[in-house]
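Structure first, then comments.
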Amino acid sequence: MVVHLIELLLWTSEFLYNVIEIKDISCDAEVGKLYECTVKSILEEGLVIEYNGGRHGLLHISELSTEEVSKVSYVLSVGEHITLKCIKKNFSSITQFSLKAVA
């Protein structure tokens, strides 16, 4: 199922995502599997990533590293290719990924 232009509000750990608009968010990934992803945009609390040839998901700042990260852009930048693990699909069909779970 693909959701077009939605506003989402997610709670991950103790952080509250900003309300954002994302096109074509889909949850066809399987929890626990690894995916080759590309960073599409940087948000204050994380990243929008692309996987599976056009699907989009989220990578929260708390899932970037086992060490504390103060700014997302210190770790990754737009256009970078990374391997991520799918960790969660929530009520809004938003797929969440982790970099620290890959290590």
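On the given criteria, is C27 touching a strand residue (DSSP E or B) at 6+ places or on another chain (Cβ under 9 Å) and at pLDDT 95 or above? Spelling it out, it is not the case that C27 is touching a strand residue (DSSP E or B) at 6+ places or on another chain (Cβ under 9 Å) and at pLDDT 95 or above.
So that you can scan it fast, the table gives a plain yes or no per residue for (1) touching a helix residue (DSSP H, G or I) at 6+ places or on another chain (Cβ under 9 Å); (2) polar (S, T, N, Q); (3) on the phi > 0 side of the Ramachandran plot; (4) without any contact (Cβ under 8 Å) to a residue 40 or more places away in the chain:
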{"position": "E50", "(1), (2), (3), (4)": "no, no, no, yes"}
{"position": "S65", "(1), (2), (3), (4)": "no, yes, no, yes"}
{"position": "C86", "(1), (2), (3), (4)": "no, no, no, no"}
{"position": "N90", "(1), (2), (3), (4)": "no, yes, no, no"}
{"position": "S93", "(1), (2), (3), (4)": "no, yes, yes, no"}
{"position": "Q96", "(1), (2), (3), (4)": "yes, yes, no, no"}
{"position": "K100", "(1), (2), (3), (4)": "yes, no, no, yes"}
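Just one residue in the set K71, K33, K89, K100 is modelled with pLDDT of 90 or more, surrounded by 12 or more Cβ atoms within 10 Å (Cβ to Cβ) and of a type in the set (D, E, K, R); that residue is K100.
With the structure loaded, tell me whether Y51 is in contact with a Phe, Trp or Tyr (Cβ under 7 Å, 6 or more places away or on another chain) and either farther than 19 Å from A101 by Cβ or aromatic (F, W, Y) (or both) or whether it fails that test. Yes.
Quick grid of which residues meet (1) assigned to a strand (DSSP E or B); (2) closer than 20 Å to D28 by Cα:
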| residue | (1), (2) |
| --- | --- |
| V48 | yes, yes |
| L84 | yes, yes |
| S92 | no, yes |
| K100 | no, no |
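The values are calculated or read from the model by the stated rules, or taken from the named source; none is laboratory data. Given the structure is predicted, the values throughout are model-derived calculations rather than measurements. Every residue, glycine among them, receives a Cβ derived from its backbone with ideal geometry; neighbour counts consider all protein chains shown.
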